[in-house]
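**Student:** Following this message is one structure expressed as structure tokens.
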Amino acid sequence: MSGCEVLGGRGHLVCVAACNDVVVVATSRGYVLRYQWDDYGNEKVTEVEVVRGGTGGGSGGFAGNDTCVTALYMDPTASHVIITARVQGMAETHYLHHRWSKAKPLVKLRGTNVMCVAWPPPAPAAVQPQQQAKPRSVQGRGSSKKEEDEGGEPAPWLSYECTGPVLLGTDSGLVHEIIVDAEKWAAKKEPLAPRQVLDLRDARKEVHAIEQGISLPGDAGRLVLLSTSHALYALRAASPGVPLEALPEDLHPSKPNITTQTDPPAQMLFPIPPVLEAPASSSLPSPQQRSGAPHPHFNQLLLLHAHPGSHEPTRLAWRVGPLVYHGELSHAVTSSTPKQPPTTASAPDSSFAAAAAFEGHTSSGAAGHSSSGAQGKAHHPKPQPGEGILRAMEVLPLVAEAADAELLEGEGEGEEELRSMVMTQFHFVVLIADRLRAINRVSGRCVAEVGFRTPLLSARTVSGLPGSRAVDGLVMDPITRTMYMYSDESLYEVVMRAEARDMWRVYLEKQEWDTALQMCHSPAQRDEVHNTTAETMFCSGNFDEAARHWAKLSGANPPFEEIALRLVSAEAPRAIRVYLATKLALLKANTARASDRAGNEPAASQLGMGNSQGLASASSLLLASGACAQPQHAQATMVASWLTELLLDSINRELLESGGKPSPGYRAAEQQLHDFLCENVDVLDVGTTTGLLGAYGRLEELLTYAQARGDHEAVLEALLQRPGGALRALAVLRKPSCPRELVYRFAPALMADAPEETVDALVAANPPLEPRRLIPALLRFASPTSPIEGRQAVLRYLTYAVDGPPRCQDSAVHDLVVALCALADDEAHLLTYLARARSASGAPLYDPKYALRRAQEQNKDKATVRLLCELGMHTDAVRVACAHDNLNLAKAVASDAPDEDLVLGGPEGGMGGKSVAAVSPSSTRRRLWLAIARHVVQQQGSDADGPDQAARQTGAIKQAVDLLKEAEGLLKIEDVLPFFPNFVTIDNFKDAICDSLEQYNKQIEHLKTEMEEATGIADAVRADLVTLKGRVAAIQAEQACAQCGVGLLMKPPASALAGLPSGGALPPLYVFPSGLAYHGACCAAEAQALMVPPLKTRLRKVMTRLARTQPATGQQQPSSLPPSSQPLSRQSTSSHVSEDVKPTGGDGEMQALVAELHQLVASEDPRNGEMQVQLLDMEYVDPKEDSAEAASWRNV
């Protein structure tokens, strides 16, 4: 289909502009078509007629056309379009907003031939994929409108409604600035007149290209790049409306030093020198130039953004004829430094042409959104301080072959020429005549080429039908990086598949190792880069770097052994260590990743499948991960062991080189080994590593290794074997990760080396330790030969244990405290502890017998006496006190003796006599006072020999008499007299004897009074007994029996008798003081239930005999009142049990049976007597009679 048919009779394509997923097409008849696609691939076409009366001409649209559109310029937001046209041979400039249906001319620019347009940087959040409708309120638009309304300076950025300061380059060397506000213009407010901001007055004054989308650091404004036919300038736009000026000194770019042959410079009237100049020979005249009309693609200035969707350019390409100057843009510059001259790239290699392929297909649908995919990440080196704005500039010839030169010279109508170029991430895509060629910008080689001599069967036009005309141009969307190629009647989208797939090899050939690694896509590619790098480094003698790259190989080619042998043969021990260390790090990383996959992938795989399938997949993944991780771990262990030995060898080598004295190199090697052991403890084999360290005698490293793997036991053993290692061992024990069992295990050694510090650690332990388990460590200080400082430290800890919460009540701990207190010089500590070491009930927490033995061993008299009293051995306590002439202590023991006690000792108070039990309180204390008195008298008597004998005897008598007063009446003078000699006169005892006689008289009188009182009580009891025999009780005739509920005058029912007989000589009823009355048989049945089996049997026999005996006529009936409680003797009871029951008997026998019945049944009220209280635990229901009822009561 022809171009007119595709465009609906609007002529053929003249020029194309693309940006932000929007394509604008101009036709030869003055129409502009806007193609736009949404996220679903739906196409929207907007048609605007710019000029009327356009005439179709050649494919370029320049020659022979009086009225036509010459160029389209669209901003990054795809909201504004500036259109240049020729109307009746005069240049015009039009403006079109994306919401307008008609373009409007910029009248002030009529007659000005605009050759290029530079858009300002967009406002924040302004650049985004074009949708069906753009928001009217965009940040930047309101600010610009307000500033212009108030007469202020307009905003220096681009928005959806305002273009901001747009720079227009003309063929006369002038640069104008214009600001168009679409909203104001739609309100009939014309835009401001263009302002001239630059005038180039040199010989080559045409402005071919201009860019200003780069913001300078801080508030320095915008960077403006401007190119003429042979020169490239870098200027600064400080603010809108201000003329362009040179960059500040700190931002002035360095001029790249590119070796090219240039023409002699013309006279420069412009004061700012160019950044780059192209040789005149590179500017091959095009057919349009020969005809006098400048070609828009003769001089191109291209910027490549960091990534699709970004508006920050990072690379620059300036094409001048068949040459292209390209390099990097540096945004943060502080000073300028000249760059080294790059070499010109070699000619394209035709053998490399098949490395990449192009696929052309229609630009309709969603292709515009996916064309930039499958591309590798761009490599943009970080700018260094001191470099210019243009960095790493190189020159690359786009046409170097003779055939291409002939094409450029052209024949015929100028269709065979270098028409246009676009820049991708790694390539320059050039349209040369009828060929589309991709040239790698790094290697300079042509990597792909497509010819268009025949119809483009592999591509689709906008309408979906193939085209067959010549290709006119090539454009690229700078935002989405989508390439479009157009002919006079068709538009194509050019897609580059996997552009970065072979860049790693290109950088590898240029020996840019790091960049080559970044461009790799598979482990095999990375291995090749590492291997090539290592071989190069090895050949150049850089063994360390070669070893580092060889270690990063993930495959087995070359194998580990071969690399190790090569490094060993090169005698590079440092390189071997570098190789092993890097290899170990790689193996550890692989093992960690395999472990992570083993933990994460099974769970993730189960999310999308059934239970059985998920479990099977999880199991296979776990097995695969385990199989992968296990060899990696084994290899890591082997490498780590070898590296350990090498590090140990390096330490010995450093020590030998320094003459056996530690040197800085030796210290560094030691630190390296320490760090290695700590970092690789998880892969080192314990046995191998310990053996190596022990063989080399590295005890400090053994300790470090044990600490790293958390072996606190080995650490403590090693520390305690060293002098002064106890303090470091205590620091280890204080760690929360250290088991508490190790504290108990190493406490003896720690207490032996540092008792004070160990006790501090034991006291500070939280939670508190168990004192009983520390006794083996503390017991060594209970010996008299132990150091006093250690003994005091142990006593401090034990005091804390028994007093502080939780209070320890273990008798073994308290016994140890007693032993330590007994060793103290001051007995007060022991006495104080014995007094307070008591439980809540007052019982001692220590063992009194053990404490007594320790006190006796250390001659602690007061403590011994106290402990003897606590054991109840008061006699021995008095004896000990008297043996040490401590009469006050002996008197205190005798005074404080308990009221009831068992006094051990014979008649003389010694320990060898028999035990006397259950003595009275007065005799216990009396015995103690007698022992004290005997000691006083006998001690004074033994010392009475000599001239002072009489005086001493008098003193002994006086002390004995005083002792009688202190004994509180427990001793009499007659008790003390036997202790004195026979020849002692009675005059010394006269007062004491008189006092004793008076006390006896008082006691006699007191006894007489008590006897008289007892006689009166006996007479009263006899009178009461006589009264009881004649007492009677009155009952009502209707009163019921308390047991059966039947009236007392009626016969009791048989069910209430419990099988007992009734009638005969049995008493008819019983009445008790409590008010209860019973039938005789009912009372017997009530009492029988509370009796033990022998009494039940006896009761039944007595009642049977009385029931069979008829009372004699006129004989007195047995009394129905309860007799006085006279207990039956054991003899009479047994005689009654042995008798046979006979129907008749004498009156005496009958009276005995009735009395016995009274004793068994009516001695007390069955329901209110003592028997009822004693049988409270008796079950309510007899299990033999009703087991179910008894079980129910148990459950309750």
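**Student:** Can you tell me how much longer the chain between E966 and E757 gets when fully stretched, taken as 0.36 nm per residue apart minus their C-alpha distance, in nm with one decimal?
**Tutor:** 69.8 nm
**Student:** Would you mind calculating the relative contact order of segment 617-774 from Cα pairs under 8 angstrom and at least 6 residues apart, reporting the percent as a whole number?
**Tutor:** 15 percent
**Student:** Can you tell me the relative contact order of segment 662-728? Whole percent, Cα pairs under 8 Å, sequence separation 6 or more.
**Tutor:** Rounded, it is 27 percent for segment 662-728.
**Student:** Starting from segment 62-116, pick out the trypsin sites (Lys or Arg not before Pro) whose DSSP state is loop and whose Cβ has at most 16 other Cβ atoms within 10 Å.
**Tutor:** Those satisfying the criteria are R99, K102, R110.
**Student:** Next question, about the same structure. As a quick test, which of the pairs K510/K588; K44/K102; K44/K108 have an alpha carbon distance above 25 angstrom in this structure?
**Tutor:** K510/K588; K44/K108
**Student:** Starting with the highest mean, order 503-510, 1052-1059 by the number of other Cβ atoms within 10 Å, averaged over the residues of each peptide.
**Tutor:** Taking the mean over residues of other Cβ atoms within 10 Å, the ranking is 503-510, 1052-1059.
**Student:** Right, next: Cα-based Rg (one decimal) and Dmax (whole number) for segment 983-1088, in Å?
**Tutor:** Expressed in Å, the Cα Rg and Dmax of segment 983-1088 come to 30.1, 91.
**Student:** Could you tell me which of rounded, prolate or oblate describes segment 748-892, using a ≥ b ≥ c as the square roots of the eigenvalues of the alpha-carbon gyration tensor, with rounded for a/c under 1.5 and, failing that, prolate when a/b is larger than b/c and oblate otherwise?
**Tutor:** prolate
**Student:** Relative to 2.2 N^0.38 Å, what does the C-alpha radius of gyration of segment 530-586 come to as a ratio? Two decimals please.
**Tutor:** My calculation over the Cα atoms of segment 530-586 gives 0.95.
**Student:** Give the shape of segment 819-885 as rounded, prolate or oblate, defined through the alpha-carbon gyration tensor: a ≥ b ≥ c are the square roots of its eigenvalues, a/c under 1.5 means rounded, and otherwise the shape is prolate if a/b is larger than b/c and oblate if not.
**Tutor:** Taking the square roots of the gyration eigenvalues as a ≥ b ≥ c, segment 819-885 is oblate.
**Student:** Between the DSSP loop rule and a limit of at most 15 other Cβ atoms within 10 Å, which trypsin sites (Lys or Arg not before Pro) in segment 736-837 are left?
**Tutor:** Within segment 736-837, the qualifying trypsin sites (Lys or Arg not before Pro) (loop, at most 15 other Cβ atoms within 10 Å) are R740, R807.
**Student:** Over segment 531-581, with every protein chain in place, what whole percent of the accessible area is carbon and sulfur at 1.4 Å, could you tell me?
**Tutor:** Whole-percent figure for carbon plus sulfur exposure: 54.
**Student:** Turning to a different aspect of this structure: Subtract the Cα-Cα distance of A556 and K990 from 0.36 nm times their separation in residues, and report this length gain in nm to one decimal.
**Tutor:** Extending this stretch completely gives an extra 143.7 nm.
**Student:** Highest first, please rank the peptides 1180-1186, 435-441, 661-667, 558-564 by the mean number of other Cβ atoms sitting within 10 Å of their residues.
**Tutor:** Those peptides, ordered most packed to least, come out 435-441, 558-564, 661-667, 1180-1186.
**Student:** Right, another one. Ignoring any ligand, DNA or RNA, what whole percent of the accessible area of segment 627-728 comes from carbon and sulfur when the probe is 1.4 angstrom?
**Tutor:** C and S fraction of accessible area: 55 percent.
**Student:** What is the extension gain from M1171 to Y1000, computed as 0.36 nm multiplied by their sequence separation minus the C-alpha to C-alpha distance, in nm to one decimal?
**Tutor:** Working it through step by step, the gained length comes to 56.8 nm.
**Student:** Shifting gears a bit: Once amide H atoms are placed 1.01 Å from N in the peptide plane, what residues at a sequence separation of 5 or more from V447, or on another chain, have their amide H within under 5 Å of its amide H?
**Tutor:** HN-HN under 5 Å from V447: A438, I439, N440.
**Student:** Dimensions of segment 671-805 along principal axes (Cα, Å, largest first)?
**Tutor:** In descending order, the Cα extents are 49, 31, 22 Å.
The values are calculated or read from the model by the stated rules, or taken from the named source; none is laboratory data. Treat the numbers as computed from the prediction; the structure is a model and nothing was measured. Neighbour counts run over all protein chains shown; Cβ positions are idealised from the backbone, glycine included. Surface areas here come from the heavy atoms of the whole protein model, side chains and all, with no ligands, DNA or RNA. Shrake-Rupley method; radii C 1.70, N 1.55, O 1.52, S 1.80 Å.
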